[in-house]
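The values are calculated or read from the model by the stated rules, or taken from the named source; none is laboratory data. In this text the structure is predicted, and so the values were computed from the model without any measurement. As a convention, Cβ positions derive from the backbone with ideal geometry for all residues, glycine included, and neighbour counts pool all protein chains shown. The protein model used for the area step is the full one, side chains on, heavy atoms only, and it has no ligands, DNA or RNA in it. Shrake-Rupley method; radii C 1.70, N 1.55, O 1.52, S 1.80 Å.
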Amino acid sequence: MDVKRRKFGLLSDGSKVYLYTVSNGQVEFSATNYGCVITSLIVPSKDRGFQDIVLAPPTFDFLVSSYACFGAFVGRYAGRIGGASFKLNGIEYVLDKNLKGSCLHGGFFRWDKQLWNSEIIENSQGKGIRFFRTSPDGEQGMPGNLEVEVSYMLNTSNELIIHYGALSDKDTPINFTNHSYFNLKGQGNGTVENHILQMNCSSYLETDDCQVPTGKILPVEKSVFDFRIGKSMGEDLSSSELTATGGYDHCFCINEDFKYSIPFATVFEPETKRTMTVATDMPAVQFYTANGMGKTIGKNGSIYFDHGGFCLETQFFPDSPNKPNFPNCILKSGQRFSSTTIYGFKW
């Protein structure tokens, strides 16, 4: 296992930004302390050699100006909070309305635009990088001084392990995720419509016209949201049920008998024969097919089009602070939060 660090860029205030590269001799990933962004993930295949399978901007300057959340650590609350407000302990908290009257991915002061403390770590899980900072009381409109960290680890089993940790001095909602866009054919190599996705998710969240959950949990059976036996990501993209979003951008409820040591999702790419598995201890996953990519400039001269990547963002349910029937997302004062998501790769 090898970890290297090099200078990646310079912010306008003179702060240095670093890029870390972690390799186990087969799989290699790079991540930066600017936004805790995973900038590359290089995986072999049987007959096509090594390819980078995550989308990202071509340079550091493009990363700074991008708002696509490429590979970023998202918080304090990933996803939407309807009406950009919630009540907790009798107090109403007002957040940024940055998308259709809701607060998305933390509003205007996003974590993917912050410089994080960083260190190389090694433990029984593998070797990698730990990013950490204190989110002060009131940041993004949220209560509590929140000590937060995320680590990206690689092990000899070709698993990318993402671990989240947090501690607050006030009760506060949290919802952390990683927003990597994957394309198992290799970034920039067309769409992901031929990728076969299988998810052990028997239900999903109904949303309103602004993609905020209504509170209803619906069965996937006999709908375009049924991936229980596996189907291509592109099979139902033209369905009227997906017209409003231009593709999948929906929260699926992970079946309770799939804990983080047992993958709940498998993605297979037929051309390269690459397989990705996802395991988590979180209750849900947001499946997104990069519907608003347009013609985005990517790495190595690539152009990213709609459906040029997919995200499987493990998390709590969106808008949980306003939905008492959803799994509890409130981190109590003095209580430590810990969560792990594992992306595994085979070829």
Would you work out which of 246, 75, 36 lies farthest towards the positive end of the dipole of the chain? Charges go on Cβ: Lys and Arg +1, Asp and Glu -1. 36
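Suppose R0 equals 41 Å; then what is the FRET efficiency for residue 122 and residue 97 from their Cβ-Cβ distance, rounded to the nearest 0.05?
Result of the calculation: an efficiency of 0.45.
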Probe of 1.4 angstrom, ligands and nucleic acids ignored: what's the accessible area per residue over the stretch 169-293, in square angstrom? 38
Calc'd 3J(HN,Hα), the stretch 55-65, phi into Karplus 6.51 cos²θ - 1.76 cosθ + 1.60 (θ = phi - 60°), Hz, glycine/Pro = x, comes to 7, 6, x, x, 9, 4, 4, 5, 4, 4, 8
Let's test the formula: R0 of 22 Å, r as the Cβ-Cβ distance of residue 281 and residue 88. What FRET efficiency results, to the nearest 0.05? 0.40
Assuming a ≥ b ≥ c are the square roots of the Cα gyration tensor eigenvalues, decide whether the stretch 213-290 counts as rounded (a/c under 1.5), prolate (otherwise, with a/b larger than b/c) or oblate. oblate
Connecting every pair of Cα atoms under 10 Å apart in the chain and solving the GNM, the largest mean-square fluctuation among 318, 327, 173 falls on 327
If I stretch the segment between residue 303 and residue 222 completely, what's the gain in nm (0.36 nm per residue apart, minus their alpha carbon distance), one decimal? 25.6 nm
With a cap of 13 neighbouring Cβ atoms within 10 Å, and only residues DSSP puts in a loop, list the trypsin sites (Lys or Arg not before Pro) found in the stretch 209-270. 222, 259
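Classify the chain: rounded, prolate or oblate, from the alpha-carbon gyration tensor (a ≥ b ≥ c, eigenvalue square roots; a/c under 1.5 rounded; otherwise prolate if a/b is larger than b/c)?
It is rounded, given that a/c, with a ≥ b ≥ c, falls under 1.5.
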Is the shape of the stretch 51-191 rounded, prolate or oblate, going by the alpha carbon gyration tensor and its root eigenvalues a ≥ b ≥ c, with a/c under 1.5 for rounded and a/b larger than b/c for prolate? oblate
What distance in nm separates the two pseudo spin-label positions at residue 273 and residue 194, each 7 Å out from Cα along the beta-carbon direction? 1.5
Taking amide H positions as placed in the peptide plane 1.01 Å from N, state which residues far from residue 314 in sequence (5 or more) or on other chains have amide H under 5 Å from it. 178, 286
How far apart, in nanometres, would the label points at residue 12 and residue 346 be if each is projected 7 angstrom from Cα along the Cα-to-Cβ direction? 4.9
Within the chain, what whole-number % of the accessible surface is contributed by carbon and sulfur, with the 1.4 Å probe and all protein chains included in the calculation? 48
Could you give the length gained by full extension between residue 229 and residue 328, i.e. 0.36 nm per residue of separation minus their alpha carbon distance, to one decimal place? 32.7 nm
